[in-house]
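Take a look at the structure below.
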Amino acid sequence: MAPPNRRPETVTRAQGGALVHLPRPAPEPGPLPDPRRGDVDEWGRSESMRRLARQLYDPMYRYWFRAEWDGIDKIPREGGALIVANHAAAIPSDAPVIHHGIETELGRPVYGLADYLFRSIPVVGTLWSRVGGVPAHPENAYRLLREQQQLVAVFPEGSKGPGKVYNERYQLRRFGRGGFVEIAMRAGVPIIPIAVLGAEESMPIVYKSAALARLTGLPYVPITANHLLFGPLLGTILYFPAKFRLKVLDPITFDVAPDQERYAKSRIMEEAEAIRVKLQATIYEMLQQRRSVWFG
Amino acid sequence: MGRRVLLTGLATFWGGRVALALEDDPQVEVIVGLDTKDPNLELKRTEYVRADQSYSILARIVQAAQIDTILHTALVVDSTRMSGRSMHEANVIGTMNLLAAAGAADSPVRHIVVKSSTLVYGSGYQDPYWFREEMSRTSAPSTRVERSLLEVEDYLRDFAEDNPHVRVTLLRYANVLGTDIVTPISRALSMPVTPSILGFDPLLQFVEEDDVVRSLLYVVRNEIPGIYNVAGDGRVPWSEVCAIAGRRRVAMPPLLTNLAAALPGRLGLVDLPPELLNLLRYGRGVDNRRLKRAGFEYRYTTAGAVESFTHAHRLRSTVGQVRPEYKYQQDVEAFFRHSPAVRRDTERLS
């Protein structure tokens, strides 16, 4: 019985002659087929689950929020691009609207970067990644944008955006440390800002408990107007039917070489602030035009 | 002149297999295998030396046999095999002595290959989906095996810096599955039900045991220096791994998982070390493209490795152990290798 891994062609060694005259070992057999069963890809996304989620969410998008886009053609149909937007509502309602809108209108997938805190929550983290969420690690963003030329969406305000109380609505928070600009520079892709109206009123926070936030380790633990109206359970999942308006701004490109080790921090902060100012101005403009929270 | 190779951990799973593969390579002239236990595979021309990993004996062997290549396959990456203290002894002290011997004045060693593990990247929720070789872990190591492997890599880095004339290759292997190897994961997949953590379905990456041996030989033959991740293509959710293996999952609670995991350990069913529990929660992915760019071709994908294990396991559970047991007998081996009565290939060739 031959021991494992001993290839039979080596018996030729015993057939005499000098070592150098021995025949080369037979070429290695090639790669074997990949016996995958499920449809979960390398990012943890499952196309069947995404299809189901789209079907379930579509009525919400169409008839509850009645999302209306302005300038969606500015989002490229191919090539990588980083989408940034303002972020609001206790459980952010803007992310699914943006993702669903682009995926149905443009027919190309969007990868949503979010706090990796999601990953540590049982069930939620798994579902979140199956429908398309990716932890916001610069390496993940680079691979998506540069190597795979995908659309990636990120909210630079992070959890500070949705954690606002109602009387701070539509006031953009700090754009982190400008990491999103650095990622776009390194990946050599444009940034496309989107101004979103409606999310703030869909689940406004009236009170935040600092003690509970500390206790649970969550960024904020809110009491929302929805809680007051619908009770603690229904109020957590039911949004107000605010009218969503989304305006896509002109893509911003940077005249720097991609793939650099690092980029000047001052330049990054400058660009991030410029984007924030432009987004804030657009939101104010849109608010001036808005006649009603519910009808737009 | 052929290569003169020193192999550590000859009696371990990998040592034996690598020795077998090296014996088939005509460019390898001498194979010296080191271990404290007898080899468990039948070897033709490997010289077995029973020795612990103390510095003085290593330095003498390296000098006496004029070793030019060291293959360090003895690192322990399965923490269920021994206590933390003996693992530290085997990994850290063993490597330290080996590198000291290899770096001694007028040492003939020109190439060192170390078989490490992707355990050095850890497994946490802040991790990127793909670790590249130059990236470091996102949280401090919390398990013994991870700490000891990181220490080993530190020593190796220092050695490479101090000895620029020696090629140093560090291979970090993903979790291995295959026809023969027994790991905590393969044991978990051999039980009627397989543990998982409620609400988590991590993406895992495996490498097949055949690809492990092939990659080690590849870097030796082609004299490739550097750090390389070795892992099959693709990441597969744990639920799908269990489905390929035909196993039903039973969920452990997501809180106090360590306590819950201690129960099957106590019952002697399956040992779930802390690094495996992290893996079952967050998974791990490494970028395997650097070794591919160096020319290595994997035969198995991640799912392919799981399937290879599954097929072998089905056969085993039907007909039992397939391979005959081998018992090392010193007198017999010495006779075949050294007795003047035996006509050997080398004599006929000369």
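The values are calculated or read from the model by the stated rules, or taken from the named source; none is laboratory data. Here the structure is a predicted model, which means the values were calculated and not measured. Note that we place each Cβ from the backbone using ideal geometry, even for glycine, and neighbour counts take in every protein chain shown.
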Suppose we filter A:Arg24, A:Arg37, A:Arg13, A:Arg7 for residues that are at negative phi and at pLDDT 55 or above; which single one remains? A:Arg37
When you scan segment B:240-257, do you find a residue that is surrounded by fewer than 22 Cβ atoms within 10 Å (Cβ to Cβ), in contact with an Asp or Glu (Cβ under 8 Å, 6 or more places away or on another chain) and either closer than 17 Å to B:Ser139 by Cβ or small (Gly, Ala, Ser) (or both), even just one? no
Given (1) away from chain A (no Cβ under 14 Å); (2) surrounded by fewer than 22 Cβ atoms within 10 Å (Cβ to Cβ); (3) in contact (Cβ under 8 Å) with a residue 12 or more places away in the chain; (4) farther than 20 Å from B:Ala334 by Cα, number of the condition B:Gly2 does not satisfy: (1)
Which numbered condition A:Asn167 fails, given (1) part of a helix (DSSP H, G or I); (2) surrounded by fewer than 22 Cβ atoms within 10 Å (Cβ to Cβ); (3) in contact (Cβ under 8 Å) with a residue 12 or more places away in the chain: (3)
Taking the options B:Ser142, B:Ser196, name whichever one is within 28 Å of B:Trp238 (Cβ to Cβ), at pLDDT below 95 and part of a strand (DSSP E or B). B:Ser196
Residue list for segment B:234-252, restricted to those being assigned to a loop (DSSP other than H, G, I, E, B), within 9 Å of chain A (Cβ to nearest Cβ) and either farther than 30 Å from B:Met135 by Cα or among the charged types (D, E, K, R) (or both): B:Arg235
Would you check which residues across segment B:157-211 are farther than 15 Å from B:Val77 by Cβ and aliphatic (A, V, I, L, M) and list them? B:Ala160, B:Val166, B:Val168, B:Ala188, B:Leu189, B:Met191, B:Val193, B:Ile197, B:Leu198, B:Leu203, B:Leu204
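Rundown of residues vs (1) within 14 Å of chain A (Cβ to nearest Cβ); (2) closer than 22 Å to B:Leu149 by Cβ; (3) modelled with pLDDT of 95 or more, yes/no style:
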position: B:Phe13; (1), (2), (3): yes, yes, no
position: B:Thr36; (1), (2), (3): no, yes, no
position: B:Glu42; (1), (2), (3): yes, no, no
position: B:Val49; (1), (2), (3): no, no, no
position: B:Asp52; (1), (2), (3): no, yes, no
position: B:Tyr55; (1), (2), (3): no, yes, no
position: B:Leu58; (1), (2), (3): no, yes, no
position: B:Ile67; (1), (2), (3): no, no, yes
Can you name the number of the only condition in (1) closer than 24 Å to A:Gly161 by Cα; (2) within 14 Å of another protein chain (Cβ to nearest Cβ); (3) over 10 Å from the mean Cα position of the chain (by Cα); (4) of a type in the set (D, E, K, R) that A:Asp94 fails? (2)
For segment A:125-146, state whether one or more residues are closer than 28 Å to A:Lys243 by Cβ and either at pLDDT 95 or above or part of a helix (DSSP H, G or I) (or both). yes
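Do we have any residue at all in segment B:121-131 that's under 20 Å from B:Leu216 (Cα atoms) and part of a loop (DSSP other than H, G, I, E, B)?
no
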Among residues belonging to segment B:219-233 that are buried (at least 20 other Cβ atoms within 10 Å of the Cβ) and closer than 21 Å to B:Arg299 by Cβ, point out the one that is nearest to the other protein chains (Cβ to nearest Cβ). B:Gly232
Is segment B:269-277 home to any residue that is outside any helix (DSSP H, G or I) and either within 25 Å of A:Asn140 (Cα to Cα) or in contact with a Ser or Thr (Cβ under 7 Å, 6 or more places away or on another chain) (or both)? yes
Restricting to segment A:145-159, name every residue that is over 16 Å from the mean Cα position of the chain (by Cα) and touching a residue at least 60 places away in the same chain (Cβ under 8 Å). none
So which residues in segment B:157-193 are more than 14 Å from every other protein chain (Cβ to nearest Cβ), in contact with a His (Cβ under 9 Å, 6 or more places away or on another chain) and not in a strand (DSSP E or B), if there are any at all? B:Val166, B:Ser186, B:Leu189, B:Ser190
Among the numbered conditions (1) closer than 28 Å to B:Asp25 by Cα; (2) within 13 Å of chain A (Cβ to nearest Cβ), tell me where B:Leu204 comes up short. (1)
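Could you tell me which residue of segment B:135-154 is farthest from B:Asn278 (Cα to Cα), considering only residues that are touching a residue at least 60 places away in the same chain (Cβ under 8 Å) and of a type outside the set (A, V, I, L, M)?
Selected residue: B:Glu151.
Can you confirm whether segment A:86-102 contains a residue that is closer than 30 Å to A:Gln171 by Cα, of a type in the set (A, V, I, L, M, F, W, C) and surrounded by fewer than 18 Cβ atoms within 10 Å (Cβ to Cβ)?
Within segment A:86-102, the first condition is being closer than 30 Å to A:Gln171 by Cα, and the residues that meet it are A:86-102.
With the extra rule that they be of a type in the set (A, V, I, L, M, F, W, C), the set shrinks to A:88-91, A:95, A:97-98, A:102.
Applying the additional criterion that residues be surrounded by fewer than 18 Cβ atoms within 10 Å (Cβ to Cβ) yields A:91.
Yes, segment A:86-102 contains a residue that is closer than 30 Å to A:Gln171 by Cα, of a type in the set (A, V, I, L, M, F, W, C) and surrounded by fewer than 18 Cβ atoms within 10 Å (Cβ to Cβ).
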Qualifying residues in segment B:107-127 (those that are of a type in the set (Gly, Ala, Ser) and over 22 Å from the mean Cα position of the chain (by Cα)) - the one surrounded by the fewest Cβ atoms within 10 Å (Cβ to Cβ): B:Gly124
I'm trying to understand the selection: among the residues of segment A:97-138, which are under 13 Å from the mean Cα position of the chain (by Cα) and among the hydrophobic types (A, V, I, L, M, F, W, C)? A:Val97, A:Ile98, A:Ile102, A:Val110, A:Leu113, A:Ala114, A:Phe118, A:Trp128, A:Val131, A:Val134, A:Ala136
